[in-house]
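Below is one structure, written out as structure tokens; comments come after it.
The values are calculated or read from the model by the stated rules, or taken from the named source; none is laboratory data. Every value quoted in this text rests on a predicted model; they were computed, and no experiment measured them. Cβ placement follows ideal geometry from the backbone for every residue including glycine, while neighbour counts extend to all protein chains displayed.
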Amino acid sequence: MTFLRLDNIRKNYGDTPVIKGVSFAATKGEFVVFVGPSGCGKSTLLRMIAGLEDVSSGELYIDDRDVTYEEPAKREVSMVFQSYALYPHMSVFENMAFGLRMAKKPEAEIKAQVTEAARILQLEALLDRKPRALSGGQRQRVAIGRSIVRHPKLFLFDEPLSNLDAELRSQMRVEIAKLHRSLGATMVYVTHDQVEAMTLADRIVVLRAGLVEQIGSPTELYDNPANTFVAGFIGSPKMNFVNAKVASAAGDSLLLEHPTFAGGKLTVKTPSAARVKTGETVIVGLRPEHLSVNAATPVLSLTLDFAESLGGSTQLYARSEGEPIIALTAGRPDLKPGDVLNLGIDPRHIYLFDAAGLAL
Amino acid sequence: MSDTTTRAAPAKPNRGYGRWTPAWFLAPAVLTLLLIGIYPTLFALVTSFRRYNITRPRDGFPFIGFENYVNVLTDSTFWSSLLLTAKFYVTVLPIQVVLGLVVALLLHKPGMGMLKSLARVTLVVPLATTYAVVGLIGRLIFNRDFGVANQFLGFVGFGPIDWLSTPNGAFAAIVIMDVWQWTPFCALIFLAGLSMVPGEIEEAARLETSSKLALLRHVQLPYLLPGLTAVMILRSADVLKLFDMVFVMTRGGPGSATDLISIYIQRVGFRIFDLGTASAQAILLLILTIIISRLYIRLLYREVH
């Protein structure tokens, strides 16, 4: 059942369109992540759902109610901001109680709600403190506490973890995921970090320049990216792209030419082989983690330029035309710069895109 | 370490910059302050303990202890002037604070950028106007026969009021002129305070309440308190010494309807030439100002972190 629905939402600043028509629906209890590079409009879109930005055109529904022009406080949404946005002159308790007080809830209920939220978030010992006496992680918890006490219909998160250090970030990520599971609430989360998107989301909305590039579950986006943008954005390290020339197309197989390939040629099988013609360019996508070193039947034959050991795994940078080809391999292969790298790949893991970048 | 032996001797500290350089830069300001601030205050303090009537130089200027102070504190005109000043103060200040806040909130609202920048610039005009000129403008505005105040009253069907020659009219006129001159100051200070509220905190509150009043009371007000304290202190000091504008408009009259404390002191000092008594009055006024300022700082001033 659709709980949150965006219908051709647009936003213009003066003559500049920022959101160019986004339609999308989320079901109750879903964890949706908006992801994209900075400036793609993901935060603007979230702020439009919250009501902090006007909608230029389109319609917005929360729980079957048209809230396109509703005031923020009447949308029954709560938001966790990047800067936490705690009220500096109020204690932790007052920060969490503020929304309930404004809603004129009885004092006993307020106390019960805040105490319960503080228990969930382990803030009980900090209730009398002012925000300035808290660490970044604690402030973040208070911000989350402030949003859960109100039992909103929709939780919004605007890059909530980007001000935290790496360790705390992964810890909070797990906590947010647990919170989502225990509350069963609908959440919309904005991030530019694809790891957060992959780990938290039931569904990811990839945005670029105010348009939706693809919507799908994390594994769908990983396995079947709609275009080179999504393919490059999801996954770390980034997918390698090789612009190959089609030497011949026969049946469901393509013969591709590029100096990077072992022997300069590569044969791939694809059901959509008929869509490309001889002489056209095809972009071949290879994920670093799918490339294997010292393959018996190598696909790529390259010279190693540089190797980064990550302890348990090694990141190999191979020389090629244009951007280096990156391979991620387990363990510590005995390789020196200048060595020949024979990289193999399971043919099922080869991604193909047409010259415009759309998946074949 | 061979390189240390070949290195040139350490460069001398910048020539021309020595221990006393900062003192030279500070000296003009400090000297000016001593000359026009500290010295006259000390002179007044000393004078307040003397019989010092310059129309009777032959009596000399003997020290008489606290006699001047006793005279001042038992002088009913002094107290009624002070009371009138207090009345003026509690009339103008709330109007200025409330109007200033309203103007600041209007200017803080998003949209209409051009008009708002223009309005902000215009706000400085009354502040930059000399008190005496404000008084002159006031005399024109509240002129019985051709003043714009009566013209406007005429539009809504009220007969001409003789502002400056009736006690209530004159008091109202100086109140209006003071409000005109100082509301923009309050507005600018409050506007600065409002822009100190981080955008995300204001937005967080907007998600929790749709009441503008609650937003003002619970979220914006804490950021306005330091500015409000400054306004209160500056205006207290300013009202206690307010002289030129009222003097030009009404000379304290009619009767004693606008005889504020500074006008009374001026009269004692420069009409009766009893500088001893006038100095004692001025010193008492200074003490009062300091007490009021300390009170405001203690009661109102809160830093928001």
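I'd like to check something: does the stretch B:230-243 contain any residue that is farther than 30 Å from B:Leu136 by Cα, surrounded by fewer than 22 Cβ atoms within 10 Å (Cβ to Cβ) and away from chain A (no Cβ under 14 Å)?
No, the stretch B:230-243 has no match at all.
Run down A:Gly357, A:Gly311 and say which single residue is on the phi > 0 side of the Ramachandran plot and either at pLDDT 90 or above or surrounded by 15 or more Cβ atoms within 10 Å (Cβ to Cβ) (or both).
A:Gly357
Please verify whether B:Val231 is among the β-branched types (Val, Ile, Thr), touching a Cys at 6+ places or on another chain (Cβ under 8 Å) and in a helix (DSSP H, G or I), treating the condition exactly as stated.
When the stated conditions are applied, B:Val231 passes them.
Given the structure, is B:Arg302 within 14 Å of chain A (Cβ to nearest Cβ) and of a type outside the set (Ser, Thr, Tyr)? Outline the logic, then answer.
Working: within 14 Å of chain A (Cβ to nearest Cβ): yes; of a type outside the set (Ser, Thr, Tyr): yes.
So B:Arg302 fits the description; yes.
Give me a count of the residues in the stretch B:181-201 that are assigned to a helix (DSSP H, G or I), buried (at least 17 other Cβ atoms within 10 Å of the Cβ) and more than 7 Å from chain A (Cβ to nearest Cβ).
Within the stretch B:181-201, residues that are assigned to a helix (DSSP H, G or I), buried (at least 17 other Cβ atoms within 10 Å of the Cβ) and more than 7 Å from chain A (Cβ to nearest Cβ) number 13.
What is the residue count in the stretch A:121-140 for residues that are in a loop (DSSP other than H, G, I, E, B) and small (Gly, Ala, Ser)? Even if it seems obvious, please write down each step before you answer.
First, the residues of the stretch A:121-140 that are in a loop (DSSP other than H, G, I, E, B): A:121-123, A:127-130, A:134-135.
So of that shortlist, the ones also small (Gly, Ala, Ser) come out as A:135.
Selection size over the stretch A:121-140: 1.
Using the structure shown, decide if B:Phe61 is assigned to a helix (DSSP H, G or I) and closer than 29 Å to B:Leu285 by Cα.
For B:Phe61, the condition - assigned to a helix (DSSP H, G or I) and closer than 29 Å to B:Leu285 by Cα - is not met.
Which one of the conditions (1) of a type outside the set (D, E, K, R); (2) surrounded by fewer than 17 Cβ atoms within 10 Å (Cβ to Cβ); (3) touching a residue at least 24 places away in the same chain (Cβ under 8 Å) does B:Val148 fail to meet, given that it meets all the rest?
(3)
Being within 14 Å of another protein chain (Cβ to nearest Cβ), surrounded by fewer than 18 Cβ atoms within 10 Å (Cβ to Cβ) and farther than 18 Å from B:Arg206 by Cα is the filter here, so list the residues in the stretch A:132-189 that pass it.
A:Arg132, A:Ala133, A:Ser162, A:Asn163, listed by residue number.
Which of the residues belonging to the stretch A:326-358 are closer than 20 Å to A:Leu255 by Cβ and aliphatic (A, V, I, L, M)?
Residues satisfying the conditions are A:Leu343, A:Ile345, A:Ile350, A:Leu352, A:Ala355.
Against the conditions (1) in a helix (DSSP H, G or I); (2) touching a Lys or Arg at 6+ places or on another chain (Cβ under 7 Å), where does B:Asp238 fall short? Just the number, please.
(2)
Which ones in the stretch A:287-314 are in a loop (DSSP other than H, G, I, E, B) and touching a residue at least 12 places away in the same chain (Cβ under 8 Å)?
Residues satisfying the conditions are A:Arg287, A:Leu291, A:Val293, A:Asn294, A:Ala295, A:Ala296, A:Thr297, A:Pro298, A:Val299, A:Gly312.
Taking the stretch A:73-109 as the search range and keeping residues that are part of a helix (DSSP H, G or I) and surrounded by fewer than 20 Cβ atoms within 10 Å (Cβ to Cβ), which one is farthest from the other protein chains (Cβ to nearest Cβ)? Before the answer, list the steps.
As a first pass, look at the stretch A:73-109 and keep what is part of a helix (DSSP H, G or I): A:73-75, A:92-102, A:107-109.
Restricting the remaining residues to those that are surrounded by fewer than 20 Cβ atoms within 10 Å (Cβ to Cβ) gives A:74, A:94, A:101-102, A:107-109.
Working: A:Lys74: 6, A:Glu94: 9, A:Arg101: 9, A:Met102: 4, A:Glu107: 16, A:Ala108: 20, A:Glu109: 16 Å.
Among them, the one singled out is A:Ala108.
Suppose we filter A:Ala231, A:Ala250 for residues that are of a type outside the set (Val, Ile, Thr), exposed (fewer than 13 other Cβ atoms within 10 Å of the Cβ) and in contact with a helix residue (DSSP H, G or I) (Cβ under 9 Å, 6 or more places away or on another chain); which single one remains?
A:Ala250
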